[in-house]
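The values are calculated or read from the model by the stated rules, or taken from the named source; none is laboratory data. Source: prediction; values computed, not measured. Heads up, the Cβs are rebuilt from the backbone with ideal geometry, glycines too, and the neighbour counts pull from every protein chain shown.
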Amino acid sequence: MSLENIAPSSPVIHIRGLKKSFGNNAVLRNFDMDLNPGENVVVLGKSGSGKSVLIKCIIGLMQPDEGDLLVFGDNVPTLSHDDLDKMRVKVGFLFQSNALYDSMTVRENLEFPLRRHWIRTGKENVNDLVMEALTNVGLADTVDMMPGELSGGMRKRIALARTLILKPKIILYDEPTTGLDPITAKEISNLMLDIQKKYNTSSIIISHDMNCVRITANRIVMLIDGYCYANGTYDELKRSDDKRIRQFFD
């Protein structure tokens, strides 16, 4: 099923019964969740609970053992290499480490996804796309700088600009504020909200930073013991009497 054939109210990501084990370690046991159009969903869980495994399965970097994992109606585990590449144009992935190329300028880092996905466009249009993405993160003046010349917060913004250059419908954020000071972390969280509003993106956010969670989440999915233990807004879950939920908010 193509994106054009999906009704506006249908989830852009639909996961049911997802399972993934490493030897005897069952990380995802029977995980269910949906991501709706224009929604930010934070997946919350302890370290090692399977959050990063989940988003690697979504983007096709890891194969689940069982379950349905539909992105824009296509079951990701069954996609060919070419179809995965086409899907990844619509799904941006912000790595925890930023994954910028130190030997490339900011401009070259942003141009890389356009070449990687064989997007044919004129030289002037490439420059327009680069400058638009940098302007969206407030760093148009860094275009000819090297990543090593930038602060941690600036590198995070550049990584986000590189994700935005393909104008993805979905963005997967892996610990977007890790290693940042509280002020910069808040700026990145608010920038994520600005992007959601400007482009109507749908996002899955993996984060331990509860300030980031509070700012960005329309809804929280709690990944505990390999399945969706709880599902609700920040305020709803914060009011819970369940000790396994409250430990994240106390």
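Being in contact (Cβ under 8 Å) with a residue 24 or more places away in the chain and among the basic types (Lys, Arg) is a property that does not hold for Arg239.
Within region 159-167, does at least one residue satisfy the condition of being in contact with a Phe, Trp or Tyr (Cβ under 7 Å, 6 or more places away or on another chain), outside any helix (DSSP H, G or I) and of a type in the set (A, V, I, L, M)? Within region 159-167, none of the residues are in contact with a Phe, Trp or Tyr (Cβ under 7 Å, 6 or more places away or on another chain), outside any helix (DSSP H, G or I) and of a type in the set (A, V, I, L, M). If you go through region 96-111 and keep only what is surrounded by fewer than 16 Cβ atoms within 10 Å (Cβ to Cβ) and within 19 Å of the chain's Cα centre (by Cα), you end up with Ser97, Ala99.
Could you grab me the full set of residues in region 174-221 that are in a helix (DSSP H, G or I), farther than 18 Å from Thr233 by Cα and of a type in the set (Val, Ile, Thr)? Hits for region 174-221 are Ile183, Thr184, Ile188, Ile195. Restricting region 160-176 to residues that are in contact (Cβ under 8 Å) with a residue 40 or more places away in the chain and more than 26 Å from Gly50 (Cβ to Cβ) leaves a set whose member that is surrounded by the most Cβ atoms within 10 Å (Cβ to Cβ) is Arg162. Can you tell me which residue among Thr142, Thr184, Thr178 is touching a helix residue (DSSP H, G or I) at 6+ places or on another chain (Cβ under 6 Å) and farther than 21 Å from Pro113 by Cβ? Answer to the selection: Thr184.
Take Pro37 and tell me if it is assigned to a loop (DSSP other than H, G, I, E, B), out of contact with any Asp or Glu (no Cβ under 6 Å at 6 or more places or on another chain), more than 17 Å from Thr163 (Cβ to Cβ) and in contact (Cβ under 8 Å) with a residue 60 or more places away in the chain. Against the criterion (assigned to a loop (DSSP other than H, G, I, E, B), out of contact with any Asp or Glu (no Cβ under 6 Å at 6 or more places or on another chain), more than 17 Å from Thr163 (Cβ to Cβ) and in contact (Cβ under 8 Å) with a residue 60 or more places away in the chain), Pro37 qualifies.
Considering only residues in region 146-158 that are assigned to a loop (DSSP other than H, G, I, E, B) and of a type outside the set (Gly, Ala, Ser), the one that is modelled with the highest pLDDT turns out to be Met146. Looking across region 65-101, just one residue is touching a Pro at 6+ places or on another chain (Cβ under 6 Å) and in a loop (DSSP other than H, G, I, E, B), and that is Leu100.
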